[in-house]
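Take a look at the structure set out below.
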Amino acid sequence: QVQLTESGGGLVQAGGSLRLSCVASTRMFHINSMAWYRQVTGKQRELVASITRNGDTNYAYFAKGRFSISKDSGLNAVFLRMNSLSPEDTAVYYCNANGVEVPSTRTNEHWGQGTLVTVSP
């Protein structure tokens with residue numbers, strides 16, 4: 001069982017910054033990586049950035065140089081610092097946790113409820 005609680009979304013002007021947080025509460029699930037995705041109404045959900053337990057990161061092309069993903073030491077929380085925001089970044093941002101169930105070792109993933117980020121011109 002995994003519960004992901006996101007926070008930090010809101011309204012910001014273009015050029016501004018936001019920091020999203022996601023805290024994971026887990027039971028019988030080992031998280032291997034966490035990520036942020038975003039989705040605009042009517043479009044597919046897309047990866048923004050991901051981070052593994054040992055700190056390896058991956059960014060979508062639009063996030064490179066502007067966004068930074070980080071985690072706590074135990075991969076129980078993940079953060080997304082977003083700088084130089086533009087209206088094109090307006091979306092619902094979702095936290096994702098990917099890992100294995102214990103003791104079955106079956107892989108699985110879980111999603112947060114999403115947090116809305118709105119960037120005004």
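The values are calculated or read from the model by the stated rules, or taken from the named source; none is laboratory data. Worth saying up front: this structure is predicted, and the values here are computed from it rather than measured. Positions of Cβ are backbone-derived with ideal geometry, glycine not excepted, and every protein chain shown enters the neighbour counts. Note: accessible area is taken over every heavy atom of the protein model, side chains too, but ligands, DNA and RNA are not part of it. Shrake-Rupley method; radii C 1.70, N 1.55, O 1.52, S 1.80 Å.
Using the beta-carbon distance between Thr41 and Tyr61 and R0 = 35 Å, what value does 1/(1 + (r/R0)^6) give for FRET efficiency, to the nearest 0.05?
Taking R0 as 35 Å, the efficiency between Thr41 and Tyr61 is 0.95.
Calculate the dipole size of the chain relative to its Cα centre from +1 charges on Lys and Arg beta carbons and -1 charges on Asp and Glu beta carbons; express the result in debye to the nearest 20.
Dipole magnitude for the chain comes out near 80 debye.
Name the residue, out of Ala97, Ala35, Ala77, whose mean-square fluctuation peaks in a Gaussian network model built on the chain with Cα pairs under 10 Å.
Among Ala97, Ala35, Ala77, the largest mean-square fluctuation in the Gaussian network model of the chain belongs to Ala77.
Stretch Val100-Asn54 to full length: gain in nm at 0.36 nm per residue minus the Cα-Cα span?
15.0 nm
Select from Asn98, Asn54, Asn76 the residue whose mean-square fluctuation is largest in a Gaussian network model of the chain (Cα-Cα springs shorter than 10 Å).
The residue with the greatest mean-square fluctuation here is Asn54.
With a 1.4 Å probe and every protein chain left in place, tell me how much accessible area Val2 has, in Å² to the nearest 10.
Roughly 30 Å² of Val2 is accessible to a 1.4 Å probe.
Need one word for the chain: rounded, prolate or oblate. Basis is the Cα gyration tensor (sqrt eigenvalues a ≥ b ≥ c); a/c below 1.5 gives rounded, then a/b vs b/c decides.
prolate
Report the trypsin sites (Lys or Arg not before Pro) located in the range 15-121 that are in a DSSP loop and have at most 13 other Cβ atoms inside 10 Å of their Cβ, or state none.
Counting only loop positions with at most 13 other Cβ atoms within 10 Å, the trypsin sites (Lys or Arg not before Pro) in the range 15-121 are Arg27, Lys43, Lys64, Arg106.
Considering only DSSP states other than H, G, I, E and B, which chymotrypsin sites (Phe, Trp or Tyr not before Pro) in the range 1-102 qualify as loop sites with at most 12 other Cβ atoms within 10 Å? Don't skip to the end; give the middle numbers.
Working: sites: Phe29, Trp36, Tyr37, Tyr59, Tyr61, Phe62, Phe67, Phe79, Tyr93, Tyr94; in loops: Tyr61, Phe62.
In loop regions of the range 1-102 (DSSP not H, G, I, E or B), the sparsely surrounded chymotrypsin sites (Phe, Trp or Tyr not before Pro) are Tyr61.
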